[in-house]
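The structure under discussion appears below in the form of structure tokens.
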């Protein structure tokens, strides 16, 4: 423990590539939570609505944007 900064002496090392892998590591081991964003594009192969993104049609996306429904 580094008493001056009240932190461990050595930070954890993440040995991986890609933002998805980093996000999973942070959520699974360090108490972070995933923020799911919205998009008006079509899902790509393997993407799941409500897990990877909230997939909205263009009209719904623009309505929610107008109504300030996004954070």
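Find the residue count for the stretch 38-62, including only residues that are surrounded by 10 or more Cβ atoms within 10 Å (Cβ to Cβ), more than 17 Å from the chain's Cα centre (by Cα) and not in a loop (DSSP other than H, G, I, E, B).
So the count comes out to 3.
Which pairs do you get when a residue that is without any contact (Cβ under 8 Å) to a residue 24 or more places away in the chain, found in the stretch 60-71, comes within reach of a residue that is surrounded by 10 or more Cβ atoms within 10 Å (Cβ to Cβ), reach meaning Cβ atoms under 7 angstrom, with the pair 6+ apart or on two chains?
61/38; 61/40
Mind counting the residues in the stretch 40-55 that are without any contact (Cβ under 8 Å) to a residue 12 or more places away in the chain, closer than 15 Å to residue 19 by Cβ and out of contact with any strand residue (DSSP E or B) (no Cβ under 7 Å at 6 or more places or on another chain)?
Residues meeting the conditions: 1.
If you check every pair at least six apart or on different chains, which have Cβ atoms under 7 Å apart with a residue in the stretch 21-35 that is outside any loop (DSSP other than H, G, I, E, B) first and a residue that is at pLDDT 85 or above and surrounded by 12 or more Cβ atoms within 10 Å (Cβ to Cβ) second?
Between residues of the stretch 21-35 that are outside any loop (DSSP other than H, G, I, E, B) and residues that are at pLDDT 85 or above and surrounded by 12 or more Cβ atoms within 10 Å (Cβ to Cβ), the close pairs are 23/34; 26/32; 27/34.
The values are calculated or read from the model by the stated rules, or taken from the named source; none is laboratory data. Just so it is clear, the model here is predicted, and its values are computed rather than measured. With ideal geometry, Cβ positions are generated from the backbone for all residues, glycine too; neighbour counts draw on all protein chains shown.
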